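The values are calculated or read from the model by the stated rules, or taken from the named source; none is laboratory data. Model, not experiment: these values are computed from the prediction. Every residue, glycine among them, receives a Cβ derived from its backbone with ideal geometry; neighbour counts consider all protein chains shown. Remember, those area values only see protein heavy atoms, side chains included, never the ligands or the DNA or RNA. Shrake-Rupley method; radii C 1.70, N 1.55, O 1.52, S 1.80 Å.
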Amino acid sequence: MDVPAHPNGRWSAKDQLAHLAWWRNRAATVVDAARTGGEQPAPVELEVRNTQTYLENKDRSAADIRAEARASWERLEQAVEACSEEDLVKPNPAQPDVPVWDTASGSYAHLGLHLMFWHMDSNNVKAAEAAQIWAWEVDSQIFPTPNSKAYADYNLACFYAKVGKPGKAVPLLRQSFETVPELADNARTDPDLDRIRDDPRFKELLGA
């Protein structure tokens, strides 16, 4: 619905939708460029880009943003449909260790992540967990690669850490570190894990 921008910058449902639409459009551009050999979109700094998207859209109407979001799904679908199987398994030029199709499939897990954020902001932990598990299933079971599974495990672990469930978080972190060791370095400073930093199992995992 149309609501005034929150004074502290908290995202409304409309803001979440605008954010997701921007990234889906970028994913469609990446897929098209990989198929045609065209120019890939320029790299962006994540926090700067997300802030800019919020500022560009916070005062727009919900109807316009809903229409743009629907169009972004259609554009991504068309980009994927235009690809051959060979196109979809090409390395992503921006991330050579993942195939092009991961750029498209990641839009679904991204949606699950933002549904989790929305439910957490609404103090509905049960719904937030369901959304995060759905995102994990998309990344780790429907579109499986070792790296996508590792990042999905890490993201689900972060959710469980934020809600104070180290018993569920630590095994997932261990699995993710085994495949992508660099995630252990990230975990040392990741604020999403702050709530379980004093847990002995987490300290042992990081060798603290």
Please build a GNM for the chain, connecting alpha carbons under 10 Å apart, and tell me which residue among 37, 164, 106 fluctuates the most. 37
The range 27-128: relative contact order as a whole-number percent, Cα under 8 Å and 6+ apart: 31
Where a label projected 7 Å from the Cα of residue 186 along Cα→Cβ would reach, residues of the range 131-157 with amide N under 12 Å: 147-157
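Which order do 178, 137 take when ranked by solvent-accessible area (1.4 Å probe, heavy atoms of all protein chains), largest first? List each step's numbers first, then the result.
Numbers: 178 140, 137 70 Å².
Solvent-accessible surface, decreasing: 178, 137.
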Take each complete run of DSSP H in the chain, measure how far its Cα atoms stretch along the helix's own axis, and keep only those covering 15 Å or more with mean Kyte-Doolittle hydropathy at least -1.0; list them. 13-36, 62-81, 100-121, 125-137, 146-162, 166-179
Of all the accessible heavy-atom surface of the chain, with the other protein chains kept in place and a 1.4 Å probe, what percent is carbon and sulfur? 54
Rounded to the nearest 10 Å², what accessible area does residue 80 have for a 1.4 Å probe in the complete protein model? 50
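With N residues in the range 85-156, what two-decimal value do you get for its Cα radius of gyration over 2.2 N^0.38 Å?
My calculation over the Cα atoms of the range 85-156 gives 1.20.
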For the chain, the per residue accessible area (1.4 Å probe, Å²) is 55
Among 29, 103, 189, the residue with the largest mean-square fluctuation in a Gaussian network model of the chain built from Cα contacts under 10 Å is 189
Taking the Cα atoms of the range 1-95, what is the range of coordinates along each of the three principal axes, in descending order and whole Å? 47, 26, 16
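Based solely on its DSSP helices, what 222 nm [θ] is calculated for the chain when runs of n ≥ 4 H residues each add -39,500 (n - 2.57) and the sum is averaged over all residues, nearest 500 deg cm²/dmol?
-21500 deg cm²/dmol
Among the listed pairs 126/149; 58/165; 90/162; 58/168, which are separated by more than 27 Å between their Cα atoms? Can you show the working numbers first?
Working: 126/149 23 Å; 58/165 34 Å; 90/162 36 Å; 58/168 36 Å.
Long pairs (Cα-Cα over 27 Å): 58/165; 90/162; 58/168.
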